[in-house]
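Working notes, beginning with the structure itself.
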Amino acid sequence: MNKYELALVVNAKIEDDARTAAVDKAKALIERFGGTITNVDEWGKKKLAYEIQKMKEGYYYFIQFDASSEAPAEIEHRLRIMEAVLRFLCVRQDA
């Protein structure tokens with residue numbers, strides 16, 4: 001099992017319920033592919049470095065988890081088609 005961190009930027013213009021649902025769906029994807037979530041940091045609404053889809057702000061979430069080496073590719077594949085997610089990045093953490 002490797003340690004990973006998933007950074008999510010979620011659309012700030014959607015309702016709170018939809019934003020929470022998008023984050024919960026990302027967590028469910030991690031668990032579906034054999035991952036164990038160890039920590040979730042919610043940074044809240046922050047200004048984006050540049051406009052994405054005519055938006056200047058987004059909600060930032062950082063999810064740390066343990067998973068096999070195949071899981072991040074599958075998770076990213078599913079996140080790519082989620083409309084509420086503006087950007088994402090999954091990185092492996094050093095031991």
Number of the condition not met by TYR60 [criteria: (1) farther than 18 Å from VAL40 by Cβ; (2) modelled with pLDDT of 95 or more]: (1)
Odd one out for ALA73, checked against (1) more than 14 Å from ASN2 (Cβ to Cβ); (2) not in a strand (DSSP E or B): (1)
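The values are calculated or read from the model by the stated rules, or taken from the named source; none is laboratory data. Just so you know, these numbers come straight off a predicted model, no measurement behind them. Every residue, glycine as well, gets a Cβ built from its backbone with ideal geometry; the counts of neighbours run over all protein chains shown.
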